[in-house]
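Novice: Below is a structure I'd like to ask you about.
The values are calculated or read from the model by the stated rules, or taken from the named source; none is laboratory data. Fair warning: this is a prediction, and the values are worked out from it, not measured in the lab. For neighbour counting, all protein chains shown are included, and Cβ atoms are generated from backbone atoms with ideal geometry for every residue, glycine included. Note: areas computed on protein heavy atoms with side chains; ligands, DNA, RNA excluded. Shrake-Rupley method; radii C 1.70, N 1.55, O 1.52, S 1.80 Å.
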Amino acid sequence: MIKGIKGVKDILPEDSARWRFIENAARRWGDCYGFREIRIPIFELTTLFARSIGATTDIVEKEMYTFPDRDGTSLTLRPEGTAGTVRAFIEHNRGADPIPQKYFYLGPMFRHERPQAGRLRQFHQFGVEYFGTQDPRADVEVISLLWRFLSDLALPALTLEINSLGSSSDRAAYLPVLVAFLKKKAGQLCENCRRRIDTNPLRVLDCKVPECRMATEDAPQLVAHLSPEAKDHFDRVLTGLTALGIPHHLNPRLVRGLDYYCFTAFEITSSHLGAQNAVGAGGRYDGLVEVLGGSPTPAIGFATGLERISLMLPDQRLPDAGPSVYVAAFGAEGSRAGVILLDELRRAGVPAQSDYRSTTLKAHLRQADRSHCLYAILLGDDEIQRGSAPVRNMLTKEQQDIALPDLPHYFHQLQAPS
Ligand code: HAM
């Protein structure tokens, strides 16, 4: 037997209702905030990700699925959606259209991480990208969209953490101070962090190893090194969130694992998830469009992991599926009429099914139960003669006779409004 790949999961029919519910909610919330869906490719040139996410990030250093095309060009399965969206924004000259431009996407991403609960090698994101303004109200809009979406799904114990990474010159001024501090603490840091002192010192601040956390407890904070403009921007974001009643906590250690961020960075976690507790995260990336060859265009976005949402989505939040109908057709006349009735029900938008192997009423009712149909129409030769058939409620076992021509309309009325 050939098995699926480690960390790459099938979504079986039993789970599809959850997924469709989450995806529909994502599209609805995206539309509601004026974002429009973009569908970007699953694979791109490797350099796109290396240049945008950053050559010394974990993603680029060790997590990308990279392979040579037949002509040797290096390609990579997208590990996230921001780089591809920015590439499309530049390539289609969207900056020439009225700004701001707001996009959202849904789809699979690929990272070669160690699989565990909530961490997969193929996972799915809902993400948004808002191009064209540095206005802190855009930051508030993007963060509130993520917060409202996750809250609408009734996900438990959500916490929004936020930080400002300042402008690139703020970071240039801060980094030597941080590096000097880290060098003094090098002996107490994990091997990975010792290496990061030279390659990506900011990441040392969000290392999860307890010794590293202790050693960096008194590390100088980036928020204390913000320029007056960056501080003002950040204050306005925080005030805006408060005005909308969105609870948030300042986390000076929040630095994010992708290099393109500046100013606002945020993450929503849930204590109901295990070690992989980030439900969604994002931030501002005002320099990225220019880095990838476009005109300077400030931007901000987030992405949220659908597997993690699915793990936490309470069953009660799922809408009841509309009642589906089983056509228990038996006897020569009944069987012939059953095929036509199935077609009529489906054309009326009523989910309807039957099992062609069952020939007796008893076998049909067993099958109706197994397929979780709420109703069964009992259609034998007698019913065809009478011109009406019993509709059986499979839960209560109550039966009601309905005229055959009225059946599609009768069930159509019972459908939950979509
Ligand atoms: P990220 O923090 O790398 O950001 O990923 C966002 C979310 O994707 C995470 O919070 C998590 O829920 C989910 N996620 C990430 N890796 C995995 C995995 N291996 N398995 C399951 N879920 C995962 C980004 O991707 C940025 N592009 C977000 C962004 C958009 N920033 C600006 N615009």
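Novice: Identify the residue in region 263-277 that is more than 11 Å from the ligand (Cβ to nearest atom) and not aromatic (Phe, Trp, Tyr) and, among all such residues, is least open to solvent (accessible area, probe 1.4 Å).
Specialist: Among those that are more than 11 Å from the ligand (Cβ to nearest atom) and not aromatic (Phe, Trp, Tyr), it is GLY274.
Novice: Determine if region 83-91 includes at least one residue that is closer than 23 Å to ALA50 by Cβ, surrounded by fewer than 21 Cβ atoms within 10 Å (Cβ to Cβ) and more than 14 Å from the ligand (Cβ to nearest atom).
Specialist: Checked region 83-91: at least one residue is closer than 23 Å to ALA50 by Cβ, surrounded by fewer than 21 Cβ atoms within 10 Å (Cβ to Cβ) and more than 14 Å from the ligand (Cβ to nearest atom).
Novice: Within the set of pairs 6 or more residues apart or between chains, which connect a residue that is acidic (Asp, Glu) inside region 44-68 to a residue that is open to solvent by less than 30 Å² (accessible area, probe 1.4 Å) with Cβ atoms less than 8 Å apart?
Specialist: GLU44/LEU75; GLU44/THR76; GLU44/ARG78; GLU44/ALA83; GLU44/GLY84; ASP58/GLY257; GLU63/PRO79
Novice: Exactly one of these conditions fails for ALA173: (1) open to solvent by 30 Å² or more (accessible area, probe 1.4 Å); (2) closer than 22 Å to GLY84 by Cβ; (3) aliphatic (A, V, I, L, M). Give me its number.
Specialist: (2)
Novice: So which residues in region 325-354 are in a loop (DSSP other than H, G, I, E, B) and open to solvent by 20 Å² or more (accessible area, probe 1.4 Å)?
Specialist: Result: PHE330, GLY331, ALA348, GLY349, PRO351, SER354.
Novice: Let me ask you something else. Quick test of your reading of the structure: ARG336 fulfils all but one of (1) touching a Leu at 6+ places or on another chain (Cβ under 8 Å); (2) more than 9 Å from the ligand (Cβ to nearest atom). Name the failing condition by number.
Specialist: Unmet for ARG336, out of (1) touching a Leu at 6+ places or on another chain (Cβ under 8 Å); (2) more than 9 Å from the ligand (Cβ to nearest atom): (1).
Novice: Could you please find all residues in region 191-248 being touching a Lys or Arg at 6+ places or on another chain (Cβ under 7 Å) and at pLDDT 95 or above?
Specialist: GLY240
Novice: Now for a separate question. Identify all residues within region 371-413 that are of a type in the set (A, V, I, L, M), more than 15 Å from GLU344 (Cβ to Cβ) and surrounded by fewer than 16 Cβ atoms within 10 Å (Cβ to Cβ); write none if there are none.
Specialist: LEU395
Novice: Also: Looking at ARG27, ARG51, ARG39 in this structure, which one is within 17 Å of the chain's Cα centre (by Cα) and in a helix (DSSP H, G or I)?
Specialist: On the way: ARG51 fails: within 17 Å of the chain's Cα centre (by Cα); ARG39 fails: in a helix (DSSP H, G or I).
Answer to the check: ARG27.
Novice: Same structure again: Which of the residues that make up region 86-125 are at pLDDT 95 or above, in a loop (DSSP other than H, G, I, E, B) and under 15 Å from ILE309 (Cα atoms)?
Specialist: LEU120
Novice: Just for region 54-68: of the residues that are in a loop (DSSP other than H, G, I, E, B) and surrounded by fewer than 19 Cβ atoms within 10 Å (Cβ to Cβ), which one is modelled with the highest pLDDT?
Specialist: The selected residue is TYR65.
Novice: How many residues does region 296-321 contain that are open to solvent by less than 80 Å² (accessible area, probe 1.4 Å) and away from the ligand (no atom under 16 Å from the Cβ)?
Specialist: Selection size over region 296-321: 3.
Novice: Could you pull out the residue among PHE123, PHE110, PHE149, PHE131 that is within 11 Å of the ligand (Cβ to nearest atom) and open to solvent by less than 10 Å² (accessible area, probe 1.4 Å)?
Specialist: Selected residue: PHE131, the only one of PHE123, PHE110, PHE149, PHE131 that is within 11 Å of the ligand (Cβ to nearest atom) and open to solvent by less than 10 Å² (accessible area, probe 1.4 Å).
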